[in-house]
Amino acid sequence: MKHRIIYMLLIVLTICSIGVFRNRCYAQKKLFIDASNLNGTWKLVPVLASDTATGKLAVIQFNVSANSFTGNTGCNTMSGKVTVNGNMLSFKEQVVDTRNACQGYNEDAFMANLLKVNHFKIENGVLQLMVDQTVLSKWVKKEPGPGVKTI
């Protein structure tokens, strides 16, 4: 009788552990799907008055398969390499950008924050670029302009 109880407990524990493993696999798959959802053009959700000082919002376009990005800081154009692995994301130090002066805009702070990013998440259509658990910036998917076909 005692052996049957132990045997039943082992079966229950085995079934439970398989369920936990399955959930972990699903979570990893979901992260991969999120990484592919990173592709496309995103526009900055402004938080500070300086975010719109130039009259333009920052935009960033990711191409995950090419490990690259292009965009605009809100003042200058930028491009460079990005590494994406699951929900981990990092920008390479060699970001190329134009050097126009923009009154009232702290582009150095914008670029410094971009280079701090170490992961991301997309919740309810909002891309959050983060360092550890701290959200540095939020972005929304930019809709294509009139006459632009989406594939």
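The values are calculated or read from the model by the stated rules, or taken from the named source; none is laboratory data. Here the structure is a predicted model, which is why all the values come from computation and not from measurement. We place every Cβ from the backbone using ideal geometry, glycine too, and count neighbours over all the protein chains shown.
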Checklist line | Where Lys56 falls short, out of the listed (1) modelled with pLDDT under 95; (2) in a strand (DSSP E or B) | finding: (2)
Next item on the list: Please specify each residue of segment 73-95 satisfying the condition of being under 17 Å from the mean Cα position of the chain (by Cα), of a type in the set (S, T, N, Q), more than 14 Å from Leu38 (Cβ to Cβ) and modelled with pLDDT under 95.
Entry: Thr73
Next item on the list: Could you tell me which of the residues Ser65, Ser17, Ser50 is modelled with pLDDT of 90 or more, in a helix (DSSP H, G or I) and either out of contact with any Phe, Trp or Tyr (no Cβ under 8 Å at 6 or more places or on another chain) or surrounded by 14 or more Cβ atoms within 10 Å (Cβ to Cβ) (or both)?
Entry: Ser65
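Specify the residue that is farthest from Val45 (Cα to Cα); the eligible residues are those in segment 68-89 that are surrounded by 17 or more Cβ atoms within 10 Å (Cβ to Cβ), free of Cβ contacts under 8 Å to residues at least 40 places away in the same chain and of a type in the set (S, T, N, Q).
Initially, segment 68-89 is screened for residues surrounded by 17 or more Cβ atoms within 10 Å (Cβ to Cβ), giving 69, 71-76, 78, 80, 82, 84, 87, 89.
Subset that is free of Cβ contacts under 8 Å to residues at least 40 places away in the same chain: 69, 71-76, 78, 80, 82.
Retained after the next criterion (residues that are of a type in the set (S, T, N, Q)): 72-73, 76.
Numbers: Asn72: 14, Thr73: 13, Asn76: 17 Å.
Out of the qualifying residues, it is Asn76.
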Item checked: Flag if Asp97 is loosely packed, with under 11 Cβ neighbours inside 10 Å and not hydrophobic (A, V, I, L, M, F, W, C) -> no
Item checked: Selection count where residues are touching a residue at least 40 places away in the same chain (Cβ under 8 Å), farther than 17 Å from Gln128 by Cβ and polar (S, T, N, Q), scope segment 30-67 -> 2
